[in-house]
Amino acid sequence: MSPSSPADLGERAAVPPAPHRLPARTRLAVAAARLGAAVSRKLGLGDGGVIGGRIALKLDPGALRTLGRGRAVVLVTGTNGKTTTALMLTRILEALGPVATNGDGANMPDGVLAALVARPDAPVAVLEVDETYVPAVAAQLRPACLVLLNLSRDQLDRVGEVRATERALRAVVAGLPDTTVIANCDDPLVTSAALDSPKAVWVGAGQSWHADAVACARCGQAVRREDTGWRCVCGLVRPVPQWTLIGDKVETVLGECFRLDLRLPGRANAANATIAVATAARLGVPSEVAVARLRSIGDVAGRYRRAWVHGREVRVLLAKNPAGWRETLPLLEGRSPVVITVNSGEADGRDMSWLWDVPFEQLRGRQVVAAGERAMDLAVRLTYAEVPHTVVRRPLDALDALPAGPVELIANYTAFRALWHQLGDD
């Protein structure tokens with residue numbers, strides 16, 4: 001089970017010309033999808049991405065395969081970082097020409113199709129895909145590159161155990177011998193999923209959450225962590241990375257070294273950027289060009305955005321699961337008060353047990369307000385973490401309950417999207 005030696009970083013995947021002329025049935029499906037999306041936006045029902053994709057799939061079930069043909073398709077998946085990495089790749093690959101992308105985060109098949117419908121002429125597509133739907137989407141699109149970021153528990157009631165996700169992704173990789181798989185080799189679950197790819201590109205992007213990979217995905221024995229990586233007695237071992245993130249610098253096996261200097265904060269964003277640069281290199285974008293384009297990104301679909309709300313500065317952060325919270329809590333600035341808003345909508349997962357794996361103890365000494373649909377569940381967890389707090393269910397009302405000054409507001413998925421729209425309307 002030892003990984004193969006590093007591939008030549010100079011080997012590039014060719015970017016094809018613009019897609020071919022579409023069949024009549026697909027053209028009809030595309031036209032209907034665009035009309036449906038426009039009506040949805042006009043009526044204020046949403047941005048139209050999902051409904052447009054559903055209409056197209058109804059009229060032409062083979063539309064995803066047809067619209068993907070003739071493009072260089074990059075699929076981005078993982079538990080955390082999909083939207084950020086897809087945005088980074090889109091910004092980079094726009095240096096090559098138009099890019100089709102689902103930047104609104106609609107990462108199920110209908111959202112993926114809607115992105116292709118919106119840009120049928122784009123020769124490149126960067127598509128984030130929910131881990132559960134990668135097998136179906138990859139089978140249709142046969143991507144040039146598959147990006148595997150990380151794997152951890154998330155929405156257990158919908159997705160199930162992370163080991164099942166690893167096995168499904170392993171099967172996908174085995175069925176894509178012509179696809180370059182760019183994988184974070186510091187995650188044992190990702191490594192196991194990507195190991196059998198004949199075109200694996202290993203990136204040492206780091207991993208701070210280890211709780212879901214204490215046992216080997218291949219044999220079930222303990223994964224032993226060492227200064228230089230990790231290994232299992234069965235032979236599964238951290239591959240030698242072709243790209244390695246060290247602090248704010250990226251080094252390659254060819255001796256290249258460059259600093260990221262991102263505007264986006266935190267270790268996780270540096271990891272996403274490293275993987276994005278490694279992926280773009282396979283498609284012909286030099287590292288210096290890629291990094292320069294990344295430095296223009298200041299927020300990701302509203303994440304890290306600063307807004308003035310009721311006369312105070314509020315920074316909005318997103319955290320959806322224990323691994324994401326572990327990366328987000330260190331980003332809190334100074335001693336500003338913190339509002340945490342947690343929902344349990346379908347897109348969040350109904351199971352709230354993940355709250356007990358978040359190190360809320362790090363919030364001791366701050367003024368904290370629990371908000372959202374599940375404010376009381378959060379309040380119980382904060383009580384056990386010995387974090388004094390108050391409960392105000394509506395997040396914007398929670399802001400008014402705090403003294404003047406900057407506030408950090410952390411929300412999970414549906415709470416974040418609701419806040420983003422509210423703040424956008426202010």
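For every residue, the table says whether it meets (1) of a type in the set (S, T, N, Q); (2) out of contact with any strand residue (DSSP E or B) (no Cβ under 9 Å at 6 or more places or on another chain); (3) open to solvent by less than 40 Å² (accessible area, probe 1.4 Å).
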position: Ala56; (1), (2), (3): no, yes, yes
position: Val73; (1), (2), (3): no, no, yes
position: Thr77; (1), (2), (3): yes, no, yes
position: Thr84; (1), (2), (3): yes, no, yes
position: Thr101; (1), (2), (3): yes, no, no
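Within the stretch 154-202, which residues are in contact (Cβ under 8 Å) with a residue 24 or more places away in the chain, small (Gly, Ala, Ser) and assigned to a helix (DSSP H, G or I)?
Ala168, Ala171, Ser192, Ala193, Ala194
Need at least 1 residues that are out of contact with any helix residue (DSSP H, G or I) (no Cβ under 7 Å at 6 or more places or on another chain) and over 26 Å from Ser287 (Cβ atoms) per element, so show me which helices (runs of 4 or more DSSP H) inside the stretch 46-137 make the cut, counting only ones lying wholly within it.
Here the list reads 49-59, 109-118.
If you scan the stretch 206-217, which residues turn out to be within 29 Å of Leu294 (Cβ to Cβ) and open to solvent by less than 10 Å² (accessible area, probe 1.4 Å)?
Correct list: Ala213 only.
Just one of the numbered conditions (1) open to solvent by 20 Å² or more (accessible area, probe 1.4 Å); (2) touching a Pro at 6+ places or on another chain (Cβ under 8 Å) is not true of Val203; which one?
The number of the failed condition is (1).
Just the residues that are under 24 Å from Asp186 (Cα atoms) and either open to solvent by 30 Å² or more (accessible area, probe 1.4 Å) or at pLDDT below 95 (or both), please, taken from the stretch 111-143.
Residues satisfying the conditions are Asp130, Glu131, Thr132, Tyr133, Pro135.
Tell me which residues, restricted to the stretch 203-249, are in contact (Cβ under 8 Å) with a residue 40 or more places away in the chain and outside any loop (DSSP other than H, G, I, E, B).
Those that are in contact (Cβ under 8 Å) with a residue 40 or more places away in the chain and outside any loop (DSSP other than H, G, I, E, B): Val203, Gly204, Gly229, Trp230, Val237, Trp243, Thr244, Leu245.
Restricting attention to the stretch 218-253, and to residues there that are of a type in the set (D, E, K, R) and closer than 16 Å to Gly206 by Cβ, which single residue is surrounded by the most Cβ atoms within 10 Å (Cβ to Cβ)?
Arg238
Filter the stretch 133-158 down to residues that are under 21 Å from His210 (Cα atoms) and of a type in the set (Val, Ile, Thr), then give me how many there are.
1
Identify, from the list Leu195, Leu149, Leu189, Leu169, the residue that is of a type outside the set (Gly, Ala, Ser), over 17 Å from Ala268 (Cβ atoms) and open to solvent by less than 20 Å² (accessible area, probe 1.4 Å).
Leu169
Filter the stretch 300-330 for residues that are assigned to a helix (DSSP H, G or I) and of a type outside the set (A, V, I, L, M, F, W, C); which is surrounded by the most Cβ atoms within 10 Å (Cβ to Cβ)?
Ranking the qualifying residues of the stretch 300-330, first place goes to Gly324.
For the condition without any contact (Cβ under 8 Å) to a residue 40 or more places away in the chain, out of contact with any Asp or Glu (no Cβ under 7 Å at 6 or more places or on another chain) and surrounded by fewer than 22 Cβ atoms within 10 Å (Cβ to Cβ), what is the one hit in Arg282, Arg263?
Arg263
What's the total number of residues in the stretch 194-228 that are farther than 27 Å from Val358 by Cα and small (Gly, Ala, Ser)?
The qualifying residues number 3.
Which residue pairs have Cβ atoms under 6 Å apart, sit 6 or more places apart or on different chains, and have a first residue in the stretch 382-404 that is modelled with pLDDT of 95 or more and a second that is part of a helix (DSSP H, G or I) and exposed (fewer than 15 other Cβ atoms within 10 Å of the Cβ)?
That search, which allows pairs on different chains as well, returns Ala385/Glu361.
The values are calculated or read from the model by the stated rules, or taken from the named source; none is laboratory data. Computed from a predicted structure; not experimentally measured. Using ideal geometry, Cβ is built from the backbone for each residue, glycine included, and neighbour counts are taken over all protein chains shown. Heads up: the accessible areas ignore ligands, DNA and RNA and are worked out on the full protein's heavy atoms, side chains in. Shrake-Rupley method; radii C 1.70, N 1.55, O 1.52, S 1.80 Å.
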